[in-house]
Amino acid sequence: MRITVLSGGVGGARFVSGVRGWARRDAAAQGLPDDDAHDIRVVVNTGDDWWLAGLRIAPDHDSLLYSLSGQNDQDRGWGRRDETERVASELQTWGVTPEWFTLGDLDLGVHIARTAWLRGGVPLGEVYRRLGARWQLGATLVPATEDEIDTYVHTADGQRMHFQEWWTRHRASIPAVRFENADIERARPAGEALDAVADADVILLAPSNPVVSIGPILGIPGMRDALRAASAPVVGVAPVIGGRVVRGMADACLTAIGVDTDAAAIARHYRTRHAGGVLDGWLVAEEDAASVAGLTADGIASRAVPLWMRDADTSATLAGDAIALAQNLR
Ligand code: GDP
Ligand code: CA
């Protein structure tokens, strides 16, 4: 089966690892090698990307890369394991990087490689391929777009700042009124991303931040049309359980765009494909089972399942539930 996942960073990486876990379980059941039963492609949010110290930083891509390769720091929840910060501290001493954004030494190696290739004219999709080729990821990462669509935040006190400054420096504590992806009206979906949507058997929306992870992907002109035209069913997973975000501060983003921190409200924000939206199916937590009937009546076939991705096993089971719902809708 060809499975395509739209994803942000850390939350998306947990889910994509789950999809890979499910695919490997299924391969084992068929007596096949690990990655031979299913083909997993991930359309990665590039809205979080930014320029810092002359380097192109791609947080969501790198979260996926480090997590799928097993290079991630599980204790911190971000960055690479066995990381050091010698170069990082030099950069901070010189004031080249702010004290609120640490670039570890190994991490810097990735940023330097990416920037060198980009400056040499290598397309971003090829950069992803080169970075991913080092490890057995069990999934293909593709950028949502080759164009720069960095996310900026407009705050209630009249500032405009890069998303990373709002999120990492201010911990999303300054009320936001609007999110903007610079130049997105001139951006186009990457060819590999359109292919991943067009020829998928199943399309999944990871339980990523609906506003700043999935939002920028859907905001690229042509992406929503591609999803609507896809023959595969589109199933999303709620990032909210019982009215609370599972990890992180996505509620600050939802509030800014007037969407309640509520699984059903997020599904209605994505809307059913029948009414010009992107969803056919939606998974909510068992705590939110009361919303299933109403959503289903509104054209979003919903199910209540365990939504916590605690470990490899629960993540794979959740991915399997999403795939099963999608297959039901075909
Ligand atoms: P980021 O780009 O690193 O912020 O990560 P994503 O946008 O991909 O994912 C962040 C979202 O993942 C948050 O809004 C969380 O609510 C959601 N999330 C994290 N862990 C879980 C989990 O175990 N289950 C579910 N359903 N959602 C989760
Ligand atoms: Ca992100």
Within the stretch 299-330, how many residues turn out to be aromatic (Phe, Trp, Tyr) and free of Cβ contacts under 8 Å to residues at least 24 places away in the same chain? 0
Taking Thr296 as the residue in question, decide whether it is touching a Leu at 6+ places or on another chain (Cβ under 9 Å), polar (S, T, N, Q) and free of Cβ contacts under 8 Å to residues at least 40 places away in the same chain. no
Looking at Ala176, Ala172, Ala229 in this structure, which one is away from ligand 2 (no atom under 16 Å from the Cβ) and at pLDDT 95 or above? Ala229
For the stretch 18-55, the count of residues that are within 16 Å of ligand 2 (Cβ to nearest atom) and of a type in the set (S, T, N, Q) equals 2
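Conditions tested, residue by residue: (1) within 16 Å of ligand 1 (Cβ to nearest atom); (2) free of Cβ contacts under 8 Å to residues at least 40 places away in the same chain.
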site	(1), (2)
Gly9	yes, no
Arg24	no, no
Asn45	yes, no
Arg56	no, no
Gly70	no, no
Arg76	yes, yes
Asp82	no, yes
Leu91	no, yes
Candidates Leu204, Leu194, filtered to the one that is aliphatic (A, V, I, L, M) and either within 16 Å of ligand 1 (Cβ to nearest atom) or within 22 Å of Gly18 (Cα to Cα) (or both): Leu204
State yes or no: is Arg76 at pLDDT 95 or above and either open to solvent by 10 Å² or more (accessible area, probe 1.4 Å) or out of contact with any helix residue (DSSP H, G or I) (no Cβ under 6 Å at 6 or more places or on another chain) (or both)? no
Single condition Gly320 does not satisfy, out of (1) under 29 Å from Ala176 (Cβ atoms); (2) within 19 Å of the chain's Cα centre (by Cα): (1)
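The values are calculated or read from the model by the stated rules, or taken from the named source; none is laboratory data. Predicted, not measured: the structure shown is a model, and the values here were computed from it. Every residue, glycine among them, receives a Cβ derived from its backbone with ideal geometry; neighbour counts consider all protein chains shown. Keep in mind that these areas ignore ligands, DNA and RNA; they rest on the heavy atoms of the full protein, side chains included. Shrake-Rupley method; radii C 1.70, N 1.55, O 1.52, S 1.80 Å.
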